[in-house]
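Worksheet for the structure shown next.
The values are calculated or read from the model by the stated rules, or taken from the named source; none is laboratory data. A quick note: this is a predicted structure, and the numbers were derived from the prediction, not measured. Cβ placement follows ideal geometry from the backbone for every residue including glycine, while neighbour counts extend to all protein chains displayed.
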Amino acid sequence: MILVMAVFNCYESLLTLVRLHYKNNIATSFMSRNHIASMKKRKHVTAALIVAHPDDETIWAGGTVLSHPDWHWTIVSLCRASDVDRAPKFIRAVQQLGGVSEIGDLDDGPAQMPLSEGDVQEMVLSLLPETQFDLLLTHSPHGEYTRHRRHEETGTAIASLWEQGLIKAKEVWMFAYEDSGKGGTQDLPIAIKTAHLRSNLPEEIWRRKYIIITDTYGFTPETYEAHIVAREEAFWCFKSPTEFQDWLKTVRRKR
Ligand SMILES: [Zn+2]
């Protein structure tokens, strides 16, 4: 029991350090080499990054993944397994990010018909190799831009699985970006200023992210996807489903 408590306290300290680091470095750098070195001495961190589509993992959280190469990353896309173009690109992108990939095949047709929450939850559970993580990253139920229904459905389903205890995570971080409601390349999504966690990526980390989007996924520089490779990553962070529910009540849905 003492050992369990010690390990838990160690993990708590780690997250506190990460939080402090992020808070203290909003306008400067991401992880210093010394900080990464000290983290490597700590408990092995298991992290899952669950997104709707291939490329979301890199655009919204790729810098965070690349900045923690010592964490064990499981990276899941819920859509496009049968897409012969995007599925293999996703697998290569996750290799470049240093994670283990899983990809599902939820409907992602142009009509974007609403999916049942049960179907999305079932897909998540069928793809995850385990259901217990130190940290889980995913979309917010509010999405990131105007508008992709699958992003919102993913965030909602993950939150529900966490609340039901079907996925266990010590913390859940949700992407915190928004545009002004028009969408397109004239209205790019940016990190929300009031997000719980914000960090500017060092040039080298951002460039690796950008290369995955342009070279691995093949988006040319003038595309929307290339434009929205965030230089600043931002997350809403929750330690319990109750915290998440409280936040949900206070953050007004804009769209
Ligand atoms: Zn997407």
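Flag: Gly98 does not match the condition of being within 16 Å of the ligand (Cβ to nearest atom) and modelled with pLDDT of 95 or more. For region 6-29, indicate whether the set of residues that are at pLDDT 95 or above, buried (at least 18 other Cβ atoms within 10 Å of the Cβ) and either part of a loop (DSSP other than H, G, I, E, B) or not hydrophobic (A, V, I, L, M, F, W, C) (or both) is non-empty. No; the residues of region 6-29 include none that is at pLDDT 95 or above, buried (at least 18 other Cβ atoms within 10 Å of the Cβ) and either part of a loop (DSSP other than H, G, I, E, B) or not hydrophobic (A, V, I, L, M, F, W, C) (or both). Residue count for region 51-69 under the criterion of being over 9 Å from the mean Cα position of the chain (by Cα) and of a type in the set (Gly, Ala, Ser): the result is 3.
A Cβ distance below 6 Å, combined with a sequence gap of six or more or placement on separate chains, defines the contacts here; from region 52-75, residues that are farther than 20 Å from Ile190 by Cβ and without any contact (Cβ under 8 Å) to a residue 24 or more places away in the chain reach no residue that is part of a loop (DSSP other than H, G, I, E, B) and more than 14 Å from the ligand (Cβ to nearest atom). Taken over region 48-73, the residue count meeting the criterion of being acidic (Asp, Glu) and more than 9 Å from the ligand (Cβ to nearest atom) is 2. Selection over region 214-224 of residues that are within 20 Å of Arg92 (Cα to Cα), in contact (Cβ under 8 Å) with a residue 40 or more places away in the chain and either surrounded by fewer than 16 Cβ atoms within 10 Å (Cβ to Cβ) or of a type in the set (A, V, I, L, M) (or both) gives a count of 1. If the condition is being of a type in the set (D, E, K, R) and either crowded, with 24+ Cβ neighbours inside 10 Å or within 13 Å of the ligand (Cβ to nearest atom) (or both), then region 74-86 contributes Arg80, Asp83, Arg86. On inspection, Glu144 fails the criterion of being modelled with pLDDT of 95 or more, within 14 Å of the ligand (Cβ to nearest atom) and in contact with an Asp or Glu (Cβ under 9 Å, 6 or more places away or on another chain). As a summary of the residue check, Val94 satisfies the conditions (1) surrounded by fewer than 21 Cβ atoms within 10 Å (Cβ to Cβ); (2) touching a strand residue (DSSP E or B) at 6+ places or on another chain (Cβ under 6 Å) except for the one numbered (1). Tallying residues that are among the hydroxyl-bearing types (Ser, Thr, Tyr) and in contact with a His (Cβ under 6 Å, 6 or more places away or on another chain) within region 144-190 yields 2.
If you filter region 168-184 down to residues that are over 21 Å from Ser240 (Cα atoms) and touching a residue at least 60 places away in the same chain (Cβ under 8 Å), you find that the one that is surrounded by the fewest Cβ atoms within 10 Å (Cβ to Cβ) is Gly181.
For the subset of region 151-167 comprising residues that are surrounded by fewer than 22 Cβ atoms within 10 Å (Cβ to Cβ) and among the charged types (D, E, K, R), which member is farthest from the ligand (Cβ to nearest atom)? The qualifying residue farthest from the ligand (Cβ to nearest atom) is Glu163.
Filtered by the rule that a residue be assigned to a loop (DSSP other than H, G, I, E, B) and among the hydrophobic types (A, V, I, L, M, F, W, C), region 210-255 gives Phe219, Ile228, Val229, Ala230, Val251. As for region 158-173, it holds at least one residue that is β-branched (Val, Ile, Thr) and closer than 17 Å to Leu115 by Cα.
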